[in-house]
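First comes the structure, then the notes that go with it.
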Amino acid sequence: KKKKEPDIRKEQALEEMSKHLEAFEKASRAHHLPLIEVINYKNLRSKGNILIPITIFSRNLGMLEALCKYLKDTVQIRYREIAALIKRDERTVWASYHQALKKTETIKTKSETREIYIPLEELNKEGLSIFESAVIYLRKMQYRYSEIASLLERDERNIWTTVKRASMKIQRKS
């Protein structure tokens, strides 16, 4: 009897959350706001972590350029805030953003069947580039080199080299 009570409570909670989710989805569609934008807005305002869709990274832009452009245009953060979040100089953020503007007008997110997000705090590792941090994070998440290469639109050999180089940097720091 005790085992069934938690199941009933869990089922009731899921049912209640499902109703809230339906209302949220309806409002999201009405305002044309993807769920990730709402989550990032809430996280940013509550000093939480921003989730970066991996689909913003492509061969057209460097990793830092794509990240700065996404944070400035999509998440709508000021240069100073971006610099603090990614632990870079404000002038570097400004230059990366403007370089990205010269290369492309908008960040095109590739349509994937499942979206993969990288927490922003994973991309600002001390002593590592944005690319190295992203690759190390994806390896920690058990992605194979070939999968990472496909996701980031890079050669698989680049991924392997980056993992080795970043691992050496991390070991030297410890």
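The values are calculated or read from the model by the stated rules, or taken from the named source; none is laboratory data. Values in this document were obtained by computation on a predicted structure and should not be read as measured data. Every residue, glycine as well, gets a Cβ built from its backbone with ideal geometry; the counts of neighbours run over all protein chains shown. Side chains are part of the model used for accessible areas, which takes the heavy atoms of the whole protein and leaves out ligands, DNA and RNA. Shrake-Rupley method; radii C 1.70, N 1.55, O 1.52, S 1.80 Å.
Of note:
- Counting 0.36 nm for each residue step from ALA27 to MET168 and taking away their Cα separation leaves a gain of 46.0 nm.
- Efficiency of FRET between GLU90 and ARG59 - r from beta-carbon atoms, R0 41 angstrom, step 0.05: 0.95
- Ellipsoid semi-axes for the range 50-91, based on the Cα gyration tensor and the rule √(5λ), read 17, 11, 9 Å when sorted largest first.
- Between ILE116 and ILE54, THR55, the built amide H atoms are under 5 Å apart, and every one of these is 5 or more places off in sequence or on another chain.
- Here the Karplus relation 6.51 cos²θ - 1.76 cosθ + 1.60, evaluated at θ = phi - 60°, turns the backbone of the range 83-88 into coupling constants of 4, 5, 5, 9, 6, 10 Hz, with x for every Gly and Pro.
- Where ARG91, ARG154, ARG9 fall by accessible area, highest first, once all protein chains stay in place (1.4 Å): ARG91, ARG9, ARG154
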